[in-house]
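The next block holds one structure in the form of C-alpha cells; read it before the comments.
The values are calculated or read from the model by the stated rules, or taken from the named source; none is laboratory data. These figures come from a predicted structure and were not determined experimentally. Here the Cβ positions follow ideal geometry from the backbone for every residue, glycine too, while neighbour counts run over all protein chains shown. Accessible surface areas use protein heavy atoms only, side chains included; no ligands, DNA or RNA. Shrake-Rupley method; radii C 1.70, N 1.55, O 1.52, S 1.80 Å.
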Amino acid sequence: MSLFSNPAPASLSLRVLARLLSYPDAQLRGDLNDMRQALLSEKAIAPARLDELDALINSLACGNALENEAEYVEVFDRGRATSLHLFEHVHGDSRDRGPAMIDLAQTYEKAGLFLGPDEMPDYLPVVLEFVSTQPPKEARAFLGEMAHIFNAIFNALQQRNSAYASVLGALLELSGEKAHPVKIVADEPLDTAWEEPVVFDGCSVKGQTRPDQPQPIHFVKTDAAKARQSATATAGAPL
C-alpha cells in the first residue's frame, strides 16, 4: 500500500517509453543508448520488464532500419486494436471524440504544455510526455485512468508477437496495474475499413443501372430549326 501511495519517480522512464513508441527514424536510433541508460539509472521499471525493453532497444539499434520502420507501420498504423490514439479505443468515430480531444488539450495547456499543429492530444507518446511532467502520485493516478486501454493494446501486441508489448507492459506496471487477458476483436481488412459507402445504389428510372454496371446512353434526335421557330412564335404572341 505504501508503494502505491508513494510511487517512485518515473519521469525519465516515461519519456523513454514515449520515444520507444515513436516512429523508429534515424534520430530515435541515435538516442537509443542514452534511452537505455536512463531506464537503468532511474530503476522505476521491474528488472524482468527492463530485460524485455532492452531486447526491443537492441532490435531497433541493430536490426535493419527499413524493416523496423515497416514493422512499426504495420503494427501501429494498420488496425484499431493496436492504435496509439487512445480515444480510438474509447470513442471510435463517435461525436464524443472531438470534445474529449478538446478537454485533454486544455488539461495540457493548464499545465503549461501546448501541442504543435500536427500533434493529437490522445496520441500515446504525447500523453506520456505530459504525464512525465507530473509529480509521481499524480502521474500514477493519470496512468491508472488509462490502464484498461494499455491492457487492451498490450494483449493485441502480444497476439501479434510484437516486442512493443513490453512498452505497454511497463506502462501497466507504472500505473499500478497488472496485465490480464482480454478478448481482442479482429480488425477488419484495411481496404474494407477505408471503403467509401455507396451513395447512389442505382436508380429506379428505366435504363439506369448500378454504379458498377454499364450505363446505357440514349441519343434523342430533335429538329433544332423547328424548336427555334416554335420559341420565336411563342415569344411574339400577344399576352
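In the frame of its principal axes, segment 100-144 has Cα extents of 30, 18, 17 Å, reported largest first. Take segment 1-140 with all the other protein chains still there, run a 1.4 Å probe, and you get 56 Å² of accessible area per residue. Within segment 44-184, the ratio Rg/Rh, alpha carbon atoms throughout and Rh by Kirkwood, equals 0.96. Count charges around residue 71 for me, please; just the other residues with Cβ under 12 Å from its Cβ, Lys/Arg as +1, Asp/Glu as -1. It works out to a net charge of -2.
For segment 63-146, the pair-distance distribution built from all alpha carbon pairs, in bins 5 Å wide starting at 0, is 3, 13, 19, 23, 18, 13, 8, 3, 0 percent.
Around residue 169, what is the net charge, scoring Lys/Arg as +1 and Asp/Glu as -1 over all other residues with Cβ under 13 Å from its Cβ?
Spelling it out: positives minus negatives among the neighbours equals -2.
Equivalent ellipsoid of segment 1-111: semi-axes from √(5λ) of the C-alpha gyration tensor, largest first, are 27, 23, 13 Å. Once you divide the Cα radius of gyration of segment 113-188 by 2.2 N^0.38 Å, the number left is 1.18. Here the contact order of segment 81-134, divided by its residue count and restricted to Cα pairs under 8 Å and six or more residues apart, works out to 38 percent.
Neighbours of residue 50, meaning other residues whose beta-carbon lies under 12 angstrom from its beta-carbon, give a summed charge of -2 when Lys and Arg score +1 and Asp and Glu score -1. Determine the shape class of segment 124-164: with a ≥ b ≥ c the square roots of the Cα gyration tensor eigenvalues, call it rounded for a/c under 1.5, and otherwise prolate if a/b is greater than b/c, oblate otherwise. Prolate, because a/c is 1.5 or more and a/b exceeds b/c. To put it simply, the accessible area of segment 1-129 at a 1.4 Å probe is 53 percent carbon and sulfur.
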